[in-house]
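Notes follow the structure.
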Amino acid sequence: MNNRGTAIITGASSGIGAATARRLAAEGFDVVLGARRMDRLSDLASEIGGVALPLDVTSPSSVASFVASVQACRVLVNNAGGARGLEPVASADEDHWRWMWETNVLGTLRMTKALLPSLIESGDGHVVTVTSIAAVEVYDNGAGYTSAKHAQSALHRTLRGEHLGEPIRFTEILPGMVETEFSVTRFEGDATRADGVYAGLTPLTADDVADTIAFAVTRPAHVDIDEIVLKPRAQASATRAHRDAVRD
Ligand code: NAP
């Protein structure tokens, strides 16, 4: 297996991040995993031969210590993020908004800003940012999340122009419904409400998303996959899905 250099994956303790770490390790990357839950992160790192480092993307000092501990970075996967709550703007919870903006938007900004020099120095840097179809659509009660994902996407897409001519690529991944801990986090531990999100359809799996990330980062250096939108077959948009009475 070729050594493809170091890939750093944020939010690698569960869901899409964990699946991406597994998949990129299998593709021949040296993987560095970052998240707050170190028990999970360490178990996964030892399973796939990676390195686990504590990371809280909402904390500038945590990001600085994380980046100081890594020797190199060829691929950065900005995946840490998620949603909190589902309430109309009229009764918006500012703590939920702050959490979503800090994690998805400022987290991506901090990690990317800190690692851009190493990414460019690698001679073939690649920033993958996991946004969402919520980065291009809005839906009732979702403005905290959709506004954060729109902003994260705008930040990511701006980099493409700012670094044109430099050895670095930018890929945005925009998934629809993926069954992970995402909805449990959104509904603050309410598993029944979280299960309802995926009722009557077959959602994407974290591995499906990891597969698209692996595709993007294993193309030749002159190929930039700008964006990949992927949704379950049963989902047409953020607000429209076909649901069977019983999930297959
Ligand atoms: P998940 O299973 O809840 O994973 C979220 C990950 O983010 C966890 O590993 C969590 O780790 C990490 N994280 C949260 N806050 C963090 C922080 N402050 N610092 C570092 N890591 C942090 O959900 P997921 O579905 O895999 O979500 C991954 C990304 O995909 C998110 O950006 C999400 O918005 C996006 N997405 C998800 C869906 C979906 O339907 N699931 C759809 C579109 C986009 P710790 O708690 O251990 O820190």
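Once each part is reduced to its C-alpha centroid, what is the distance from segment 93-132 to segment 214-228 in angstrom?
19 Å
How much mean residue ellipticity at 222 nm does the chain get from its helices, if each DSSP H run of length 4 or more adds -39500 (n - 2.57) and you divide by all residues, to the nearest 500 deg cm²/dmol?
Mean residue ellipticity at 222 nm (helix-derived): -12000 deg cm²/dmol.
For the chain, with equal point scatterers placed on the C-alpha atoms only and solvent neglected, what are the log10 I(q)/I(0) values from the Debye formula at q = 0.07, 0.09, 0.12, 0.15 1/Å, to two decimals?
Once normalised to I(0) and log-transformed, intensities are -0.22, -0.36, -0.65, -1.04.
Considering Cα pairs under 8 angstrom that are at least six residues apart, work out the relative contact order of segment 122-248 and quote it in whole percent.
Here the relative contact order equals 30 percent.
Find the relative contact order for segment 6-230 and round it to a whole percent, using C-alpha pairs within less than 8 Å whose residues are 6+ positions apart.
Contact order relative to length: 21 percent.
Could you tell me what percent of the accessible area of the chain is made up of carbon and sulfur, with a 1.4 Å probe and every protein chain present?
52 percent
Val184: net charge of surrounding residues, Cβ under 10 Å, Lys/Arg +1, Asp/Glu -1, itself excluded?
-2
Please work out the average accessible area per residue across segment 1-70, using the 1.4 Å probe convention, and give it in Å².
43 Å²
Using the Karplus equation 6.51 cos²θ - 1.76 cosθ + 1.60 (θ = phi - 60°), what ³J(HN,Hα) coupling, rounded to whole Hz, does each residue of segment 189-204 give in order, writing x for Gly and Pro?
These are the phi-based 3J(HN,Hα) values: x, 7, 5, 5, 5, 5, 4, x, 4, 9, 5, x, 8, 9, x, 5 Hz.
What's the FRET efficiency of Ser46 with Ala90 using the Cβ-Cβ distance as r and R₀ = 51 Å, to the nearest 0.05?
E between Ser46 and Ala90, to the nearest 0.05, is 0.60.
What does the extension gain come out to for Asp140 and Arg233, with contour length at 0.36 nm per residue minus their alpha carbon separation?
Full-extension gain reported as 31.2 nm.
With bins 10 Å wide starting at 0, give me the P(r) of segment 120-192 over every alpha carbon pair, in whole percents.
18, 39, 26, 13, 3
The values are calculated or read from the model by the stated rules, or taken from the named source; none is laboratory data. None of these values were measured; they are calculated from a predicted model. Ideal geometry is used to build each Cβ from the backbone, glycine not excepted, and the neighbour counts take in all protein chains shown. Just the protein is used for accessible areas: all its heavy atoms, side chains included, with ligands, DNA and RNA removed. Shrake-Rupley method; radii C 1.70, N 1.55, O 1.52, S 1.80 Å.
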